[in-house]
Amino acid sequence: MKHFFAFLVAALMLGSVAFADGPTNEELAAQLQKLQQVIDQQGARIQELEGQLDIATPSNDTLRALVRAELAANPATRADWLDRLMFDAELGLRYEYLRGSNGRGYRESDEHRNDFQYFLTFGVESEIAEGLTARLELASGIDEESGPYVEGDPTTHYNTMGDAFLKDSIFINQAFLKYRAAGFTVHAGKHPNNWDAVMSELIWDPDVTPEGFQLRYDMANQDQSMMTWAQAEYLILEENYGSGSSEDPDIDALAFQLGSKFKMGTGMDLMLAGSLYCFDDVGALDSTFLRRNSSSVSDFDLWEVAGEFGFSVNEMPCALFGDFVRNSDSSADDHDTAWKAGLRVGKVAQKGDWAAQYDYSYVEQDAIASFFGEDIRGWSNYRGHCLGVDYGLLDNTVLSAKVFCLDLVHGADIVGEERSADHDNYVKAQLDVTVKF
């Protein structure tokens, strides 16, 4: 107990000494006032900084403005490759009505069908060096084998809606290098289809992107009144990983084209082109790819002559076009010829523009290689009319309507199909909205 009292006495003595030597009440009050002023100044500064940075809820516009300001102030921070990237995309929506079987063997001949479809492509392109460009494009397509279509079918980007909201597939549609120098252009890889000189779509569906190596040379005379081109391509259809013997060959093709375009006066021009496509041993392909060709078909040597005469009426661009194809390797003389002729009026380049087109097609069963022909009309073995109208809803949006009235050229000659001529006709109508951005 005495230790406790001793500790208490010592504590009281120390406290009294400290109190005696400490600041007065007036001095403490002045110190507290100075501290409060410092706190108030710091609080005001914090509020000012928060207002400038807007840390709590930064908007996309604010971030973009900050990035632009930084790049403008310090150009060295910008990556050069970003400046060389170019992006593009295209989205299409389609309503399609079909009456009849379309000769494809997976619908009844008297069926009426309504389909809703869409497609999407997204591409990025970059100039790697002077004259050298690389491009990658992704696209929608057929998810799985359906009727005559195969998964990733080369002749269409459209996908039919109505699969219980399953996720749809995306495919590599283009992946190539392009080099241009001294009038020459080289494509290597999976590249765009630029063979169809007059857009007649007899041999090539516009969605097909060939794989292989293409060399093209363009030249023009001094006043640009005549332009001529020549191109050749090695196409790779299927690589067989066996011995490569004659019993199991690789499947490839060669293609050549020579063409010229002549300016004939104000608003008039004439384009003529001749092509040769040599597809060998295609009989070794999966039967699904052969679609509408005869089961005995093996090779295609397709000789093509195409032309287009452009003119204007009251400053409205117009064109007459025609295309003729013959397969010199067809085993049947009455199955080896295809042709198309038509008229195109107008051109859609911006909002309010319109265009219209009519054509008639006649394609015998083995006149073309049906695995790359136009899928909308049935690839091959069809004849009939097409009428289409386009209208520019916006500068980058086009509304299109087409009607096809077609029937089969060889009604009972298709392998696996037993129909009379009375059931060979079919009607297809399409309404499309396409947006490019």
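Values quoted throughout were computed directly from the atomic coordinates according to the rules given, and no laboratory measurement underlies them. Keep in mind it's a predicted model, so treat the numbers as computed, not measured. For neighbour counting, all protein chains shown are included, and Cβ atoms are generated from backbone atoms with ideal geometry for every residue, glycine included.
What nm distance separates the two modelled labels at ASN193 and LEU387, each placed 7 Å from Cα along Cα→Cβ?
2.7 nm
Simple spin-label model, 7 Å along Cα-to-Cβ: VAL305 to ASP395 in nm?
4.4 nm
Given a Förster distance of 56 Å, report the FRET efficiency between VAL435 and GLU48 from their Cβ-Cβ distance, rounded to the nearest 0.05. The partial results should precede the final answer.
Details: r = 46 Å, r/R0 = 0.82.
It comes out at approximately 0.75.
Exactly which chymotrypsin sites (Phe, Trp or Tyr not before Pro) in the range 137-232 are in a DSSP loop and have at most 10 other Cβ atoms within 10 Å?
Here the chymotrypsin sites (Phe, Trp or Tyr not before Pro) that fit, given the DSSP loop and packing criteria, are PHE165.
Could you go through the range 37-43 in sequence order and give the Karplus-derived ³J(HN,Hα) for each residue, using 6.51 cos²θ - 1.76 cosθ + 1.60 with θ = phi - 60°, rounded to whole Hz, and x for Gly and Pro?
5, 4, 4, 5, 5, 5, x
What Kirkwood Rh does the range 145-189 have if only Cα atoms enter the pairwise 1/r average? Answer in Å.
Computed over the range 145-189, the radius equals 13.8 Å.
To the nearest 0.05, how large is the calculated FRET efficiency for ASP163 and ILE39 if R₀ is 60 Å and r is the Cβ-Cβ distance?
E between ASP163 and ILE39, to the nearest 0.05, is 0.35.
Which pairs, out of LYS261/LYS347; LYS178/LYS436; LYS178/LYS261; LYS340/LYS428; LYS340/LYS402; LYS351/LYS436, put more than 21 Å between their alpha-carbon atoms? Can you show the working numbers first?
Details: LYS261/LYS347 19 Å; LYS178/LYS436 23 Å; LYS178/LYS261 23 Å; LYS340/LYS428 18 Å; LYS340/LYS402 17 Å; LYS351/LYS436 13 Å.
Over 21 Å Cα-Cα: LYS178/LYS436; LYS178/LYS261.
What is the Cα coordinate range of the range 302-376 on the first, second and third principal axes, sorted by size from largest, in whole angstrom?
Sorted largest first, the three principal extents are 49, 23, 15 Å.
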